[in-house]
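Data block below; observations after.
The values are calculated or read from the model by the stated rules, or taken from the named source; none is laboratory data. Computed from a predicted structure; not experimentally measured. Note that we place each Cβ from the backbone using ideal geometry, even for glycine, and neighbour counts take in every protein chain shown.
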Amino acid sequence: MTSVGGHVAPSSTVVEAATDLGAQHGLVSSAWSHLKSNPYFSAGAGLYTLTIAAVVGRYAFKMFTSNARRKFVVSMETTNRDPSYDWLMQWLSRHPTFSFQQISVMTTNVMIHANEETTSHCTFAPCPNIPHWFLHRGWPMVVYRKRQVERAAGSDVLETIEMYTMGLSSHVMKDIVAEAKMQAVTRDSDKTVIYQNAGGRWTRVQEPRSRRPLSSVILDKNSREEILEDVRLFLQSRGYYQELGVPYRRGFLLHGPPGCGKSSLVMALAGELRLAICLLSLSNRALDDESLMSLLNTAPMRSIVLMEDIDRAFSHDSRVTMSGILNALDGVGAQEGRIVFMTTNHVERLDAALIRPGRADVKVEIGYVSHTQASQLFAKFYPSSSHRVREAFADALPEFRLSVAQIQSHLFLHRNSAEEAVRTMPAFVRQCDAFEEQLDKAREKERKLAKLKAPPLLPFQQ
């Protein structure tokens, strides 16, 4: 070893380090050779080491891919229980770059004509359980429509839509939902959207109805305009109700004979005020008190909850109780901002607690056609007719004897001739009276037969 000034020469240090490294390498190589030749290491320890290394490597890879997916992949999911599902399905079917070979057909607005001919509207959507790819404004998108085996409440199959793309922000997905919603709003802007209860949730009727003009509903006096102004004022009075500390709810009861325009009035009000209609069937066997409360609390805010033929709701098959519907209408957990319309043909059969103020704030009788209504109905069907002909038609019709539906059926039959409609009106009235008389006789006969079939009363029961 050579030293200069007490220091080891660099060249000697490098040589010495190399010699030591070679010696160590020789020792490692020798140890590894001994391990490989060791039968215990080859039989167990080596495989164990390799297994651990494989598990650690697989876990590290999964962590890497999971973090990369969380960081660089944007995803969105919705189910068919949410309104956005229908928005996205319609949006996908209209997207210019979304071309797919595996399709699913959704048919709506089916109309059956003569000779078994039908017309319908078909929406072609991506087939479920298969990934689909397309481009949206330069972004690569993946759509996966998943259909689950279990069923949702009611009879609808539970489905989900999952969308994926590459990116660092979710603004792409939010823009898609906003665009799909705008398309749906534009498409339904001149329509009345209708919901039905399927068990304990609302399902939208696929094809919305055309808005019915309020002028098409002919009521006696000024009741049509009064109800319209009442509903319009209620929609503008949330703050007023809150200042008074009064529950922000409004209930209407429309009663009268069948066919006089109760349901038609609700449809026209919804069209005039651009509200949705939620048809609530209390006779649905999947409906109980708990699901009724959930339905009324989850109804869309700008909607009318319509409960038709409320007097027939509490049948033997119904699971809804009177206390359940009373609590749902104005109990502690009842929803604010709700408009409820109840209709009945027999108001005398309703419990007084159901139609008291707070549950039925406004009660309107919609009865048989008056003289003024008859003249207005005739003018609607024959706008070019003279005042003399309209009055002749109204004079030929007995006041408060026929419903709007009956008179409209007669005017439809003679829609090509106003004079013929006036001339044949007396015969039509006699025909209606004869039918009602036969119907009353048949009902009386049924009552007598039912009384004869009833078991006789025992002395202590009399």
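Taking residue 224, is it out of contact with any strand residue (DSSP E or B) (no Cβ under 7 Å at 6 or more places or on another chain) and surrounded by fewer than 19 Cβ atoms within 10 Å (Cβ to Cβ)? No: the conditions fail for residue 224. So, residue 244, is that one over 21 Å from residue 405 (Cβ atoms) and not β-branched (Val, Ile, Thr) or not? Yes: the conditions hold for residue 244. All conditions but one from (1) more than 24 Å from residue 366 (Cα to Cα); (2) under 9 Å from the mean Cα position of the chain (by Cα); (3) not aromatic (Phe, Trp, Tyr) apply to residue 200; the one that does not is (2). Look at (1) in the same structural domain as residue 301 (by TED's automatic domain parsing); (2) surrounded by fewer than 19 Cβ atoms within 10 Å (Cβ to Cβ) and you find that residue 204 fails only one, number (1). Residues that are out of contact with any Lys or Arg (no Cβ under 9 Å at 6 or more places or on another chain) and within 25 Å of residue 186 (Cα to Cα) within the range 202-227 comprise 202, 204, 205, 206, 212, 213, listed in sequence order. The residues on offer are 250, 187, 232, and the sole one that is among the charged types (D, E, K, R), buried (at least 18 other Cβ atoms within 10 Å of the Cβ) and out of contact with any Lys or Arg (no Cβ under 7 Å at 6 or more places or on another chain) is 250.
If you check residue 280 against the conditions, is it in contact (Cβ under 8 Å) with a residue 24 or more places away in the chain, buried (at least 22 other Cβ atoms within 10 Å of the Cβ) and under 24 Å from residue 409 (Cβ atoms)? No. All conditions but one from (1) modelled with pLDDT under 80; (2) surrounded by 14 or more Cβ atoms within 10 Å (Cβ to Cβ) apply to residue 110; the one that does not is (2).
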